[in-house]
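As structure tokens, the structure follows; a few thoughts come after it.
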Amino acid sequence: GGLFGAGAVFISAVLVPSKTLAPEKLMRAALNVLLFTWVVWPSYITYKFGPLPGVNPTRLIYWGLISFWMYWVIASGSLKKQLNAAFTHHKLFLTALIAYPVWQLLCSFTGEAVLPSLYFAIKASVGGLLLLFVSASILRTREHIESALTWILAAALVIAVIGLLEAVRGSNPFIAFLPTDPEQLAALDWIIQDKSRSGAYRISSTFAHPLTLAEYLLMCIPLAVCLAAINTKIARRTLAIIFLPIA
């Protein structure tokens, strides 16, 4: 049924006239929501329905956006032209970007556990690459990029504030929202155990590990400096300036 449905969608996309413009505004809105939800919603809180894999808002938005984009990248010529133009101007970046997962796949074939290594390499790289392709095809102007950065910083500010509240409380603020499935709870024991080391409580906010929180905030600091220095909109500059000391 899934294959039949995917084939029907593919055929319908091919039949759409190539001059038809894709709803890029809608896709940019979905991308911005995803950039916010991706870090604000804890990745380890998922819910299972029968034999289906665990789902959460982030996964639903992500795969909805990817599916919608794949349809329109086939149906609309404008998206293909934008994606091609973006990578034509940055050939060295694209070459290095593709070379890295290719090298991972080659290394996977040389290990003892070939299939698990291949699975991990594909899982670790495909999701980010797809999102990069989506971004390169629908973020056309500086305003679009700054809008996306604003959503990223807004999410980073939220998780930083949650981290401060967690420090005051001294416990994981999302324990009440953990799934009730016994198997899922058993798999989440390590998240609670990793909260302390040598008797000191470590903040992780919405992330599964404290070091991941630190890495994300560190990556967002240059973005905040950029928006604070070059953005002309007062609201965005204010957001960036507030974020820096809190992070």
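The values are calculated or read from the model by the stated rules, or taken from the named source; none is laboratory data. What you see is a predicted model; the values in this text were computed from it and never measured. All Cβ positions, even for glycine, are placed from backbone atoms using ideal geometry, and neighbour counts span all protein chains on display. Each accessible area value is taken on the protein alone, full model and side chains, heavy atoms only, with ligands, DNA and RNA left out. Shrake-Rupley method; radii C 1.70, N 1.55, O 1.52, S 1.80 Å.
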Exercise. Restricting attention to the range 9-24, does a residue exist that is open to solvent by 40 Å² or more (accessible area, probe 1.4 Å) and among the aromatic types (Phe, Trp, Tyr)?
Worked result: yes
For this session: Hey, could you check the range 67-92 for residues that are touching a residue at least 12 places away in the same chain (Cβ under 8 Å) and over 12 Å from SER137 (Cα atoms) and say which is nearest to the chain's Cα centre (by Cα)?
Result: PHE68
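From the residues in the range 208-235 that are outside any helix (DSSP H, G or I) and under 19 Å from TRP151 (Cβ atoms), which one is most open to solvent (accessible area, probe 1.4 Å)? Please lay out each step first, then the result.
Kept after step one, since they are outside any helix (DSSP H, G or I), are these residues of the range 208-235: 208-209, 231-233.
Checking the rest, the ones that are also under 19 Å from TRP151 (Cβ atoms) come to 231-233.
Values: ASN231: 5, THR232: 128, LYS233: 96 Å².
By that ranking, first place goes to THR232.
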For this session: Check THR95, THR37, THR88 and return the single one that is out of contact with any strand residue (DSSP E or B) (no Cβ under 9 Å at 6 or more places or on another chain) and closer than 28 Å to LEU239 by Cβ.
Result: THR37
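Each row is one residue, and each column tells you yes or no for (1) closer than 21 Å to ARG236 by Cα; (2) open to solvent by 30 Å² or more (accessible area, probe 1.4 Å); (3) at pLDDT below 90; (4) not in a loop (DSSP other than H, G, I, E, B).
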site	(1), (2), (3), (4)
ILE122	no, yes, yes, yes
VAL126	no, yes, yes, yes
ILE145	yes, yes, no, yes
TRP151	yes, yes, no, yes
ALA160	yes, no, no, yes
LEU164	no, yes, no, yes
VAL168	no, yes, yes, yes
Exercise. Within the range 233-240, is there a residue that is within 16 Å of VAL158 (Cβ to Cβ), without any contact (Cβ under 8 Å) to a residue 24 or more places away in the chain and in contact with a helix residue (DSSP H, G or I) (Cβ under 8 Å, 6 or more places away or on another chain)?
Worked result: no
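Any residue in the range 76-92 that is surrounded by 11 or more Cβ atoms within 10 Å (Cβ to Cβ), at pLDDT 90 or above and either part of a helix (DSSP H, G or I) or touching a Pro at 6+ places or on another chain (Cβ under 9 Å) (or both)?
Just the residues of the range 76-92 that are surrounded by 11 or more Cβ atoms within 10 Å (Cβ to Cβ), to begin with: 76-87, 90.
Filter once more, keeping what is at pLDDT 90 or above: none.
No, there is no match, as no residue in the range 76-92 is surrounded by 11 or more Cβ atoms within 10 Å (Cβ to Cβ), at pLDDT 90 or above and either part of a helix (DSSP H, G or I) or touching a Pro at 6+ places or on another chain (Cβ under 9 Å) (or both).
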Problem set entry | Close pairs from the range 3-32: first in contact (Cβ under 8 Å) with a residue 24 or more places away in the chain, partner among the hydroxyl-bearing types (Ser, Thr, Tyr) and not in a helix (DSSP H, G or I), Cβ under 6 Å, at least 6 apart | THR20/SER76; ALA22/SER76
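From VAL73, VAL16, VAL40, which residue is over 20 Å from GLY127 (Cα atoms) and of a type in the set (A, V, I, L, M, F, W, C)?
On the way: VAL73 fails: over 20 Å from GLY127 (Cα atoms); VAL40 fails: over 20 Å from GLY127 (Cα atoms).
Unique residue meeting the criteria: VAL16.
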Seminar exercise, completed: Residue pairs within 7 Å by beta carbon, gap of at least six or interchain, first lying in the range 36-54 and farther than 18 Å from ASN172 by Cβ, second among the acidic types (Asp, Glu), listed first then second, are LYS48/ASP181
